[in-house]
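Reading through the structure tokens given below for one structure.
The values are calculated or read from the model by the stated rules, or taken from the named source; none is laboratory data. Note that the coordinates shown come from a computational prediction; the quantities given were computed from them, not determined experimentally. For neighbour counting, all protein chains shown are included, and Cβ atoms are generated from backbone atoms with ideal geometry for every residue, glycine included. Side chains included, ligands, DNA and RNA excluded: accessible areas come from the protein's heavy atoms. Shrake-Rupley method; radii C 1.70, N 1.55, O 1.52, S 1.80 Å.
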Amino acid sequence: MTPLPATARPAANPRKTTAVRALGRVDIGALRTAVLAIPEAIWDAENAAKPNKFEALDRTRHIVFRFIDHPHDWRGSHDRPAWRDWRTVLEPVLAQAVRDYGYARGVFPRVMLARMPAGGVIHPHIDANPAAKWPHKIHVPILTNPAVVSNFGGQDLHFAAGEAVEVANLSPHWVRNGGSSDRVHLVFEYYDADQPDPEWLEPFLRHGAAR
């Protein structure tokens, strides 16, 4: 295949953080209670069916509520079966976490719970698929412990429960749970539907990279 011209190569949304952006405290009370009540069998079944199976995630399990239709285009996304039962407890947390962006038509293309076991790791990686270039990547810790360390922008960080943060997902990052309890984060993407599409997107898709 002919190489992509420079103007059609995916580039980051200039609105995305290049390190970590604190978004403030959110009320996770109801969500935390719901997470603690999830049976192990549900975690196992949802994880087995998840669409985001990457080696870097190691033993981290996921329950995926919303996901993109194609890894090259964030503009198409869909609800997965678990969304119907969880949306009433998730939507207030999502809304609080993104209030500072001020988008009139914000979209959540990917929404999931990520459960890292005690002693678990997420290996150094970048979110490489083109659909990750544009939306903000946001974490809301639900369950954690003091020995959970995340590295973004070359800094070792601990994210407190209930404190929403946008993270830089396009540079190398990793996570280590050095504690004796699991870490569960609500992880999601968010973008402004009114922001013009980047100039590279249509040439990129037209070139055949997305089909």
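Points worth noting:
- Taking amide H as placed 1.01 Å from N in the peptide plane, the amide H of PHE152 sits under 5 Å from that of LEU157, each at least 5 places away or on another chain.
- The label-point distance for HIS125 and ALA95, in a model that sets each label 7 Å from Cα toward Cβ, rounds to 3.3 nm.
- Accessible surface of the chain, 1.4 Å probe, proportion on carbon and sulfur as whole %: 54
- Relative contact order of the chain, defined on C-alpha pairs under 8 angstrom at six or more residues apart (%): 30
- Ranked by the mean number of other Cβ atoms within 10 Å of their residues, highest first, the peptides 183-194, 124-135 fall in the order 183-194, 124-135.
- Positive contributions from Lys and Arg (+1) and negative ones from Asp and Glu (-1), summed over other residues with Cβ under 13 Å from the Cβ of PRO14, come out at +1.
- Under 11 Å from the ARG105 label point (7 Å along Cα→beta-carbon), backbone N, region 174-209: 192-196
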